[in-house]
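First the structure, in the form of structure tokens, and then the observations on it.
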Amino acid sequence: MEPIDDLRALLGADAVLDQPADTAPFLTDWRGRFVGRALAVALPRTTAQVAQAMGWCARHGVPVVPQGGNTGLVGGATPDDSARALVLSTRRLRRVRQVDTANDTLTVEAGCLLQEVQQAALAQDRLFPLSLAAQGSCTIGGNLATNAGGTQVLRYGNARELTLGLEVVLADGTVWDGLRGLRKDNTGYDLKQLFIGSEGTLGVITAATLKLFALPRVRLVCLLACADLPAAIALLHRARAQAGPALTAFEVMSDACVALVEDQPAPATARRARFAQRHPWLALLEWSEPTDAAHAQARCEQLCAAAIGAGEAQDAIVAHSLADAQALWQLRESIPEAQARRGGNVKHDISLPLGSMAAFVAEVESALAALSAELRTLVFGHLGDGNLHFNVGARADLPPSAAFDREAPINDIVYAAVARHGGSVSAEHGLGQLRRALAQRTKAPAEIAMMRAVKQALDPQGLMNPGKLI
């Protein structure tokens, strides 16, 4: 028997794909920047089958590329072009294993779509707050492997903070059952944290026990126009002081992003969420409260009035219905799709100390203008937790190549400024293939050495997602 037939015997004939037409969708990343080849694609249905596949790979020295929904932006789930690796997709691990409303936990398998996890919580009158634009196609396993952030980090934290326990299959096929729903467990190393954010380089996450929260009774959304980024930051401080922990999200978007959405075909809801005139920056705020709607609405309107009076905002739109709130959010969520329809841009997913944010943007925009008058910046993101999507595209009258042809000097300008301001080159997208070398340049030698030691301990053959992260 050929080795690949041995794998079929373990998993079933329909669970191992090796024909080009069948494997093609698993070999290209979401942005189309990375295209690889694979020995085969495995689609196990259970944790036991994942363990069998991993054991098979360990015995035969076959590299493994774990893959969830394949919605990543840095090539972290795409194999190289050697055709040696097995792509191990978790898409068939789709069970909701347990909902424990007494403990406010939810245990799901890694292949569940994020939207399915949210719906499972909602069915029990609970909230699972992780929320991403790709929630209809990304999987919870991928979210955990990349420590996904999203729009509600400000209140609830990243995927790391939302996870109580994991089930993981290690590189040799050993299954670690760490599905504990405990909020306190002070018995040594918190091993689950090794795998969250590890991008599949240490093991395959097959299930997770997640935190649930009380479902907010009132959710308020408003959009405020700001003259500049310092004004938006001052508005954030005001909103934090007034709303406290009820502040769920604080997003910003530059006028260039808004114009891109409005200039292209977009959902009608996104086109409705506009002011009578253009403004340099827009800030989208959401807070949630257990109080009555009228009281919450009054607080929101008071915040908007105070911000306008203090010069932190120039105008405001307050959602008075669910449809209004969805329209405001649609404007923000349409930006990535509008950028893709325009032909893409040079992307930077960065985080910075809030006190450095305005200076960083001004400094980098000035340097990019000096590099070329053909460029324009498209800046948006989660200001509340210091995460900007600082993207650089071509002017509207030029092809996207005007930016992509200058990608190297653009990156040098952006990432050098990130380092000077004490930021991170990846806030939530991860490193994958795209930023692996960059991280080696920006992390301290001791930090790299510790990461390599962990990798060696858990994956001594170096089979787990080679060429990614480290």
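Spin-label model, Ala369/Thr187: points 7 Å from Cα along the beta carbon direction are separated by 6.0 nm.
The residues neighbouring Val87, those whose beta-carbon lies less than 14 Å from its own, together hold a net charge of 0 under the Lys/Arg +1, Asp/Glu -1 convention. Using 0.36 nm per residue and subtracting the Cα-Cα separation, the extra length available between Ala444 and Ala358 on full extension is 28.3 nm.
In a fully extended conformation the segment linking Gln461 and Arg160 would gain 105.7 nm over its present Cα-Cα distance, using 0.36 nm per residue. Peptide packing: for 413-420, 279-286, the average count of neighbouring Cβ atoms within 10 Å per residue gives the ranking 279-286, 413-420, highest mean first. Summing Cβ point charges (Lys, Arg +1; Asp, Glu -1) relative to the Cα centre of region 330-470 gives a dipole of roughly 320 debye. The 3J(HN,Hα) values that the Karplus relation (6.51, -1.76, 1.60; θ = phi - 60°) gives for region 346-360 are, in residue order, 7, 9, 9, 9, 10, 10, 9, x, 4, x, 9, 4, 5, 5, 4 Hz. Gly and Pro appear as x.
Each Lys and Arg Cβ is given +1 and each Asp and Glu Cβ -1; about its Cα centre, region 96-214 then shows a dipole of about 320 debye. On a C-alpha basis, how far is the centre of region 298-371 from the centre of region 193-266 in Å? Whole number, if you could? Rounded to whole Å, the Cα centres lie 10 Å apart. Farthest towards the positive end of the charge dipole of the chain, among the residues Pro245, His389, Ala58, is the Cα of Ala58, using unit charges on the Cβ of Lys, Arg, Asp and Glu.
Simple spin-label model, 7 Å along Cα-to-Cβ: Ala48 to Ala24 in nm? It works out to 3.6 nm between the two label points.
Among 184-193, 448-457, what's the highest-first ranking by average C-beta atoms within 10 angstrom per residue?
Values: 184-193: 10.4, 448-457: 12.6.
Sorting 184-193, 448-457 by mean packing, highest first, produces 448-457, 184-193.
Amide hydrogen proximity for Arg97: with H placed 1.01 Å from N in the peptide plane, the residues at 5 or more positions away or on another chain lying under 5 Å are Thr107, Val108, Glu109.
Close Lys pairs in the chain, defined as Cα atoms under 18 Å apart and 8 or more places apart or on different chains, number 7.
Among 161-172, 364-375, the peptide with the highest mean count of other Cβ atoms within 10 Å heads the list, and the full ranking is 161-172, 364-375. Between Asp315 and Gln277, residue separation times 0.36 nm minus the direct Cα-Cα distance comes to 12.7 nm.
Basic side chains Lys and Arg get +1 at the Cβ, acidic Asp and Glu get -1 at the Cβ, and with that the dipole of the chain about its Cα centre reaches some 340 debye. Sequence-distant contacts, meaning Cα pairs under 8 Å at least 6 residues apart, place the relative contact order of region 96-214 at 32 percent. Sequence-distant contacts, meaning Cα pairs under 8 Å at least 6 residues apart, place the relative contact order of region 1-71 at 33 percent. A simple spin-label model places the labels of Gln302 and Asp228 3.1 nm from each other, with each point 7 Å out along Cα-to-Cβ. The residue among Leu113, Thr146, Tyr156 whose Cα reaches farthest toward the positive pole of the charge dipole of region 76-156, with charges on the beta-carbon of Lys, Arg, Asp and Glu, is Leu113.
The Ala9 and Val175 beta-carbon pair, evaluated with R₀ = 22 Å, returns a calculated FRET efficiency of approximately 0.65. As a length-normalised measure over Cα pairs under 8 Å and 6 or more apart, the relative contact order of the chain settles at 15 percent. Only DSSP H runs of four or more residues enter the estimate; each adds -39500 (n - 2.57), and after division by the residues of the chain the mean residue ellipticity at 222 nm equals -10500 deg cm²/dmol.
Classified by the C-alpha gyration tensor, region 141-193 has an oblate form. Its axis ratio a/c, with a ≥ b ≥ c, is 1.5 or above, and a/b does not exceed b/c.
Computed from the coordinates by the stated procedures, all read-outs in this text should not be read as laboratory data. Everything numeric here is computed off the predicted structure, so don't read it as measured data. Cβ: placed from backbone, ideal geometry, glycine included. Neighbour counts: every protein chain shown.
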